[in-house]
Amino acid sequence: TELHAPEETLNDGLKKIKHKSIVPPKRAQHYLFPYWKAAAVVVLLISAGILVYTQRNSVKQQVEVTFIEHAVPRGKILHLSLSDGSQVWLNADTKFRCPEKFGSGDREVYLEGEAFFEVSKDPARPFKIHSGRLVTTVLGTSFNIKSYGTDDINEVAVITGKVSVVQTGVN
């Protein structure tokens, strides 16, 4: 069974709705104020969080890295275990400088002489060796670098894996 309302009743109801101004009750206006307070608190908390985050990052960047220098005399060989687990064998008459502990960025070391490297794999932190005018970058491999300051020739011999070697203008 279907119920039908007289057409006049429907038209009268529509006219009343169209002509009646809709004013929200006073209670609705009262509840709007706490939302503004909450929004202001959220904005304040987000701003404070951003400020703390940027200050922490600037402090991290200001932390000095402590480097250790190794000098191997003629006739000697030195084996080193670096903080990331990489192994380095320094040949005679070699100077090697590395951080006491690698940070969250690239793992960078400096070589003058000859060294054999077994680099621990860490795709997020490339291992870079600065030797003379060469910068050798690896992710995890074994290789030898020969770069004595008195020689005009620099050598990189890869045993396993791949390396990237770039010549720079700096000696």
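Side notes on the structure shown:
- The set of residues in region 121-136 being surrounded by fewer than 17 Cβ atoms within 10 Å (Cβ to Cβ) and of a type in the set (S, T, Y) is empty.
- Lone unmet requirement of (1) closer than 23 Å to S147 by Cβ; (2) assigned to a helix (DSSP H, G or I) for A48: (1)
- Residues that are at pLDDT 95 or above and open to solvent by 50 Å² or more (accessible area, probe 1.4 Å) within region 94-107 comprise K95, R97, listed in sequence order.
- Selection from region 78-94 of residues that are on the phi < 0 side of the Ramachandran plot, in contact with a Ser or Thr (Cβ under 9 Å, 6 or more places away or on another chain) and in a loop (DSSP other than H, G, I, E, B): L82, D84, S86
- Any hit, region 24-37, residues being of a type in the set (A, V, I, L, M), at pLDDT 75 or above and open to solvent by less than 100 Å² (accessible area, probe 1.4 Å): no
- Within region 138-160, the only residue that satisfies the criterion of being open to solvent by 40 Å² or more (accessible area, probe 1.4 Å) and within 16 Å of R125 (Cα to Cα) is L139.
- Qualifying residue in region 86-93 (condition: under 25 Å from the mean Cα position of the chain (by Cα) and open to solvent by less than 30 Å² (accessible area, probe 1.4 Å)): yes
- From the options I153, I129, residue that is without any contact (Cβ under 8 Å) to a residue 40 or more places away in the chain and under 21 Å from E69 (Cα atoms): I129
- Taken together, the criteria exclude G103 from residues that are out of contact with any Asp or Glu (no Cβ under 7 Å at 6 or more places or on another chain) and in a helix (DSSP H, G or I).
The values are calculated or read from the model by the stated rules, or taken from the named source; none is laboratory data. Please read all numbers here as calculations on a predicted model, not as lab measurements. Using ideal geometry, Cβ is built from the backbone for each residue, glycine included, and neighbour counts are taken over all protein chains shown. Surface accessibility is based on the protein's heavy atoms, side chains included, excluding ligands, DNA and RNA. Shrake-Rupley method; radii C 1.70, N 1.55, O 1.52, S 1.80 Å.
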